[in-house]
Amino acid sequence: MENCIFCRIVAGELPAAKVYEDEDMVVFKDIQPIAKIHLLAVPKEHFKYLSELNAERTALVGRMLEKIAANAPAFGLADGYRLVINQGDSAGQTVPHLHIHILGGQKLGWE
Ligand code: DGP
C-alpha cells in the first residue's frame, strides 16, 4: 500500500534495521523500543486487523509465529520473549499494517 510505512520498509524504500527476512515477512528493530530487545515482525502482505484473516493469512501468521520461535535464539531471545499484537486505537495501534511486537532481552514486568 502506497502510504504505509511498513509496506515501504518491506519494499526497501525506507531504511530499517532488518534482522530477518523471508518470503512471508521482515523482522526489524522497533524505532521506539520499550524493551532491551524490541523487534517488529511484519508480514509482506498489507492488512491491518486479525479480523481480516482468511485461510491464507491465517496460514501466513502461523508461519510467522513458527519462524519467530525458530529464530528466537538468533534474535538474542533464548531466555524467553513476549509477543504483542495491538489491534485498533484503544490498544494503541499506530501503524495500520499488522505487526507482531517481539519483546525481550530482560525480565519483563506485567501491568
Ligand atoms: P503499534 O503501536 O502496535 O502500532 O506499534 C507501532 C510500532 O512501530 C511502534 O512501536 C513504533 C514503530 N515504528 C513506527 N514507525 C517506524 C519506522 O519507521 N521504523 C521502525 N523501525 N519502527 C517504527
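Laid out as a table, the results:
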item	result
Hey, ALA78 of a type in the set (A, V, I, L, M), in a loop (DSSP other than H, G, I, E, B) and out of contact with any Phe, Trp or Tyr (no Cβ under 8 Å at 6 or more places or on another chain) or not	yes
Checking ASN86 against (1) within 23 Å of ASN3 (Cβ to Cβ); (2) more than 16 Å from the ligand (Cβ to nearest atom), the condition it does not meet	(2)
Answer from ALA17, ALA91, ALA41, ALA72 - the residue that is farther than 18 Å from MET1 by Cα, at pLDDT 95 or above and surrounded by 12 or more Cβ atoms within 10 Å (Cβ to Cβ)	ALA72
Within region 97-111, tally of residues that are surrounded by 15 or more Cβ atoms within 10 Å (Cβ to Cβ) and farther than 17 Å from VAL19 by Cα	2
Matching residues, region 25-42, being more than 9 Å from the ligand (Cβ to nearest atom), more than 12 Å from ILE100 (Cβ to Cβ) and not basic (Lys, Arg)	ALA35, ILE37
Long-range neighbours under 7 Å by Cβ, at least six apart or interchain, first residue on the phi < 0 side of the Ramachandran plot within region 13-41, second within 11 Å of the ligand (Cβ to nearest atom) and of a type in the set (Gly, Ala, Ser)	PHE28/ALA16; PHE28/ALA17; LYS29/ALA17
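The values are calculated or read from the model by the stated rules, or taken from the named source; none is laboratory data. All values derive from a computational prediction rather than experimental measurement. Reconstructed Cβ throughout: ideal geometry from the backbone, glycine too, with neighbour counts over all protein chains shown.
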